[in-house]
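Colleague: Okay, handing you the structure first.
Bear in mind these aren't lab numbers, they're just calculated from the coordinates by the rules spelled out. Just so it is clear, the structure is predicted and the values come from calculations on it, not from any experiment. Note that each Cβ is placed from the backbone with ideal geometry, even for glycine, and that neighbours are counted across all protein chains shown.
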Amino acid sequence: MKERYKIIRCGRLYDGVSAEWKPGQSILVDGGRIAVVGTQVPEPENALEIDLRDCQVTPGMIDAHMHMDYIDWRTVREEVYTTSEEAKTLAIARCARKALARGFTTVRHVGGITSNGYGVLDVKEAVERGYLPGARIVAAPVFLCTAGSHGDLSQGFARNPQLSGMLQRQRPGLGSGRDFFANAVREQVKYGTDFLKIMATGGFFTPYDTPVQQQLSDGELEAIIATAHELGKTVTAHVYTNELMQKLIRFGIDGMEHGSLMNEETAAMIEERGIYLVPTFSPYEEAVHYDPERLKDKQPEFRRKLELYREALRAGREVICRSKIRLGYGTDFVAVHQNYESGYEYEAWMNSGMKPFEALRAATSTNAGILGLEDCIGTVEVGKYADIAAWKRDLMTDSKALLDCAFVMKEGEIYGTESCLGEEQ
């Protein structure tokens, strides 16, 4: 029989809002929700007491930019076409479980890299129903893109047009024209997407496009955003260039991913409109804080583009860090780190001069708002879900602290933890 009540004794508590640690706090959990927070809490008979007085306690962390549908970053390209949709669904379930064990109680899947299907929605439902342990999932199973774009993973077979064309047709969100994309939005909403993700520019990971290319027409972009808003869904965009970011702002975009080449003018426009940005610092770390040895770990085309754009990436990082943009915390791991190793992004924020509480707020209350879940997660407050994590390393001084979760609870249930550091601990 599971205990209805649990009392968590905190060493220091960060509530997800105030840039401070509160000493001597306790949290009374009633079932799956937080009932009382304070220096004194009721102590119901038979309540389970959890002693975290040697830890820093936070809300459960949230990764707002994850691709959950691969097993290993070293084989991600092979997995695109050598594993079944069923295997990719198993990869998603594994990622959800391992993310939770690392203190990330909620994750946002922003389109399948290897997957052409909707297995993420099945895993999401299975987790919600308690059939599988795992992080809560908010998902856009399919991103919307055009032929030859960053979302067209058949690029790797471009020298075999017959095969590439056949594989291209397997991507349900890949097409052309206003009518195609308006209908694609309707289809994705019908199938259960939580939001829409568009590949607006090229990227670093794919071989035959560049980050500065606009890859959907203005009319296509307008059709996607207008149709999604008519159906009550938000839209976010993979985007790098200032010209296209400014267009998207005018078209009414809700959020952006990366934005790594932005200038001050674009940052000011994003701030003024209250648009969120998930900057995903980690994938560009080896270029921004130049490390040619670590760059060698990346795929060849990724490495080549990071070298080419490294000065622009460094300048864009400085703009983002100086801005007052509503920044979310997300990883976008397809190289060097596994998709569930979300704590590495914290190290990238710290290396970029961001204050620890800025990163922690991004990964908790800000991300909860980006996901539309601010009423139930993201802060340690009465009435919210009891999503709680704890860390023994000092989050204020140790850039690797978020890689080493000591305790995790989701909706009042305690789960086992795993460290990303292994023998490095």
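Colleague: When the helix-only estimate is applied to the chain (DSSP H runs of n ≥ 4, each -39,500 (n - 2.57), divided by the residue count), what is the mean residue ellipticity at 222 nm, nearest 500 deg cm²/dmol?
Modeller: Numbers: 15 runs with 137 residues, N = 425.
For the chain, the value works out to -9000 deg cm²/dmol.
Colleague: Continuing with this model, one more query. Could you put Arg12, Arg102 in order, starting from the residue whose Cβ has the fewest other Cβ atoms within 10 Å?
Modeller: Working: Arg12 19, Arg102 24.
Exposure proxy ranking, most exposed first: Arg12, Arg102.
Colleague: For the stretch 1-49, state which GluC sites (Glu not before Pro) are in a DSSP loop and have at most 11 other beta carbons lying within 10 Å of their beta carbon.
Modeller: Working: sites: Glu3, Glu20, Glu45, Glu49; in loops: Glu3, Glu20, Glu45.
Answer in residue order: Glu20, Glu45.
Colleague: Give the long-range amide H neighbours of Gly111: residues separated by 5 or more places, or on another chain, with amide H under 5 Å away, using H modelled in the peptide plane at 1.01 Å from N.
Modeller: Excluding prolines and chain starts, which carry no amide H, the hits are Ala140.
Colleague: Can you list the HN-Hα couplings for the stretch 113-130, worked out from phi with the Karplus curve (6.51, -1.76, 1.60; θ = phi - 60°), rounded to whole Hz and with x for Gly and Pro?
Modeller: Karplus values, whole Hz, x for Gly and Pro: 7, 8, 8, 9, x, 10, x, 4, 6, 5, 5, 3, 5, 4, 5, 4, 7, x.
Colleague: Counting alpha carbon pairs within less than 8 Å and at least 6 residues apart, what relative contact order, in whole percent, applies to the chain? Display every interim value, and only then the final one.
Modeller: Working: 964 pairs, mean separation 85.0, N = 425.
Here the relative contact order equals 20 percent.
Colleague: If you wrap a convex hull around the alpha carbons of the stretch 61-370, what volume per residue comes out, as a whole number of Å³?
Modeller: Here the figure is 116 Å³ per residue.
Colleague: For the stretch 19-35, what does the Karplus curve 6.51 cos²θ - 1.76 cosθ + 1.60, with θ = phi - 60°, yield as ³J(HN,Hα) per residue in whole Hz, taken in order and with x for Gly and Pro?
Modeller: My calculation for the stretch 19-35 gives 7, 7, 9, 9, x, x, 8, 10, 10, 9, 9, 10, x, x, 10, 7, 9 Hz in order.
Colleague: Would you compute the Debye intensity of the stretch 193-293 from its alpha-carbon atoms alone, equal scatterers and no solvent, and pass along log10 I(q)/I(0) at q = 0.18, 0.21 Å⁻¹ to two decimals?
Modeller: Evaluating at q = 0.18, 0.21 Å⁻¹ gives log10 I(q)/I(0) of -0.85, -1.11.
Colleague: Return Ser154, Ser84 ranked ascending by Cβ neighbour count within 10 Å, so the fewest neighbours appear first.
Modeller: On the way: Ser154 22, Ser84 10.
By the 10 Å Cβ count, ascending, the order reads Ser84, Ser154.
Colleague: Here is a follow-up. If you filter the stretch 106-148 for trypsin sites (Lys or Arg not before Pro), then keep DSSP loop positions with at most 15 other Cβ within 10 Å, what is left?
Modeller: On the way: sites: Arg108, Lys124, Arg129, Arg136; in loops: Arg129.
Those satisfying the criteria are Arg129.
Colleague: Please compute the Kirkwood hydrodynamic radius over the stretch 46-139, one decimal place, Å, based on all pairs of different Cα atoms. Numbers along the way, then the final one.
Modeller: Working: mean 1/r = 0.0706 Å⁻¹.
The Cα-based Kirkwood calculation yields 14.2 Å.
Colleague: Which ³J(HN,Hα) values in Hz, rounded to whole numbers, follow from the phi angles of the stretch 324-335 under the Karplus curve 6.51 cos²θ - 1.76 cosθ + 1.60, where θ = phi - 60° and Gly and Pro get x?
Modeller: In residue order, the calculated couplings are 10, 5, 6, 8, x, 9, x, 10, 6, 7, 10, 8 Hz.
Colleague: Mind checking the angle between helix 218-230 and the chain's longest principal axis? C-alpha axes, 0 to 90 degrees, to the nearest 10.
Modeller: Approximately 40 degrees, to the nearest 10.
Colleague: Another question about this same structure. Calculate how steeply helix 264-273 sits against the longest principal axis of the alpha-carbon atoms of the chain, using the helix alpha-carbon long axis, and give the answer as 0 to 90 degrees to the nearest 10.
Modeller: Tilt relative to the chain: about 60 degrees.
Colleague: Using amide H atoms built in the peptide plane, which far-off residues or other-chain residues are under 5 Å from Ala406 H to H?
Modeller: Ala390, Trp391, Lys392
Colleague: Nearest 5 percent is fine: what portion of the DSSP beta bridges confined to the chain is antiparallel?
Modeller: Values: 26 of 58 bridges.
The answer is about 45 percent antiparallel.
Colleague: Taking +1 at the Cβ of each Lys and Arg and -1 at the Cβ of each Asp and Glu, which of Ile370, Ala226, Ala268 sits farthest along the dipole of the stretch 61-370 towards its positive end, judged by Cα position relative to the Cα centre?
Modeller: Ile370
Colleague: Could you sort the peptides 161-173, 238-250, 87-99, 53-65 by per-residue average Cβ neighbour count (10 Å cutoff), highest mean leading?
Modeller: Numbers: 161-173: 15.5, 238-250: 20.9, 87-99: 22.5, 53-65: 25.6.
By packing density, highest mean first, the sequence is 53-65, 87-99, 238-250, 161-173.
Colleague: Sticking with this one: How far, in degrees from 0 to 90, does helix 242-251 lean away from the longest principal axis of the Cα atoms of the chain, to the nearest 10?
Modeller: 80 degrees
Colleague: Please list, in chain and number order, the residues 5+ apart from Arg136 or on another chain whose amide H is under 5 Å from its amide H, with Hs placed from the backbone.
Modeller: Answer set, sorted by chain and number: Thr106, Val107.
Colleague: Okay, next question. Could you please rank Ser282, Ser217, Ser323, placing first whichever residue has the fewest other Cβ atoms within 10 Å of its Cβ? Mind showing how you got there, number by number?
Modeller: Numbers: Ser282 24, Ser217 14, Ser323 19.
Least crowded to most crowded, the residues run Ser217, Ser323, Ser282.
Colleague: Turning to a different aspect of this structure: To the nearest 20 Debye, how big is the dipole of the chain about its Cα centre, given +1 on the beta carbon of each Lys and Arg and -1 on that of each Asp and Glu? Write down the numbers at each step before the final one.
Modeller: Numbers: 49 positive and 61 negative charges, 64 e Å.
Charge dipole of the chain: 300 debye, to the nearest 20.
Colleague: A follow-up question, please. May I ask you to derive the relative contact order of the stretch 40-167, considering only C-alpha pairs under 8 Å and at least 6 residues apart, and to give it as an integer percent?
Modeller: Values: 172 pairs, mean separation 29.6, N = 128.
Over the stretch 40-167, the number comes to 23 percent.
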